[in-house]
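*Asks:* If you scroll down you'll find the structure; I have some questions about it.
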Amino acid sequence: MSNFLELCAKRQSCRGFSDKPVEHEKLVSCIEAGRLAPSACNSQPWSFIVVENPNLVAQVATAAQQLGANAFTDKAQAFIIVIEEHAVLMPKLRAIIESQYFAKGDIGAAAAYICLEAAAQGLGACQIGLFNREAICKALDIPIEKRLFSIIAIGYPADETIRPKVRKPLEDISRFI
């Protein structure tokens, strides 16, 4: 297994995909990684829809192109729709806090695990938050009351060059005491 920090450095938001199809097994592995993500009280407040049918991939790509953004999705070979499900917490905890308090962080962790697994397999991934929710629900037969957290575009990168990470300095974002 490679070093985790090396994998983190390798993972980037891919906005240029090749025409090479993504193997079904690699998509299953990405979902398995998301399934293994931690969640408050093991509530697992997520579900995933893997879109690999070319006709549906094209519809999701179109739905992701809002306000002139995300034109790169036309080349994505698959999408993973991340859905927020109701978090069920332990009765003692539920009595003092609203169960959805943790859900967004938990779902974010699951999405990050999916993207990291994609990178580990040589795939590119880009999490997208701006999309036409109604169009995706209609195309994929998702009940309209479901909350779509994000969609993740997946494919092989057209260019495998790893861009340098531009991040705030460690001393600006952390405090060791």
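*Asks:* Among the lysines, which fall within straight-line cross-link reach of K138, defined as a Cα-Cα distance under 28 Å, with same-chain neighbours fewer than 8 residues apart omitted?
*Replies:* Hits, sequence-local ones excluded: K20, K26, K75, K104, K146.
*Asks:* Per-residue HN-Hα couplings for segment 5-22, Karplus 6.51 cos²θ - 1.76 cosθ + 1.60 at θ = phi - 60°, whole Hz, x for Gly and Pro?
*Replies:* Couplings: 5, 5, 5, 4, 5, 6, 5, 8, 6, 7, 10, x, 9, 7, 7, 5, x, 8 Hz.
*Asks:* Of the listed peptides 156-165, 8-17, what is their order by residue-averaged count of other C-beta atoms within 10 Å, with the highest listed first? Provide the component values of the computation, followed by the final result.
*Replies:* Details: 156-165: 11.9, 8-17: 16.9.
Highest-to-lowest ranking by the protection proxy: 8-17, 156-165.
*Asks:* Give a residue-ordered list of calculated ³J(HN,Hα) values for segment 52-58 (Karplus: 6.51 cos²θ - 1.76 cosθ + 1.60, θ = phi - 60°; whole Hz; x for Gly, Pro).
*Replies:* Values, residue by residue: 10, 5, x, 5, 6, 4, 5 Hz.
*Asks:* Which percent of Cα-Cα pairs in segment 105-177 sits in each 10 Å bin, short to long?
*Replies:* 15, 31, 34, 15, 4, 0
*Asks:* Could I ask something else about it? If I stretch the segment between S47 and A71 completely, what's the gain in nm (0.36 nm per residue apart, minus their alpha carbon distance), one decimal? Could the numbers behind the result be given before it?
*Replies:* Details: separation 24, 0.36 × 24 = 8.64 nm, distance 2.59 nm.
My answer for the length gained is 6.1 nm.
*Asks:* In sequence order, what are the phi-derived ³J(HN,Hα) couplings for segment 152-161 according to the Karplus relation 6.51 cos²θ - 1.76 cosθ + 1.60 with θ = phi - 60°, rounded to whole Hz, with x for glycine and proline?
*Replies:* 10, 7, 10, x, 7, x, 6, 10, 8, 5
*Asks:* Just tell me which lysines come within less than 16 Å, Cα to Cα, of K10; anything on the same chain fewer than 8 places away is out.
*Replies:* The qualifying lysines are K165.
*Asks:* Using the reciprocal of the averaged 1/r over all distinct C-alpha pairs, how large is the Kirkwood radius of the chain in Å?
*Replies:* Values: mean 1/r = 0.0578 Å⁻¹.
Taking every pair of different Cα atoms in the chain, averaging 1/r and inverting gives 17.3 Å.
*Asks:* Projecting each Cα onto the charge dipole of segment 18-160 (Lys/Arg +1, Asp/Glu -1 at the beta carbon, about the Cα centre), which of A120, G34, Q44 comes out farthest on the positive side?
*Replies:* Result: Q44, furthest along the dipole toward the positive end.
Bear in mind that the values in this text are calculations on the coordinates, not laboratory data. It should be emphasised that the depicted structure is a prediction, and the values quoted were computed from it without experimental measurement. Glycine also receives a Cβ, built like all others from the backbone with ideal geometry; neighbour counts cover every protein chain displayed.
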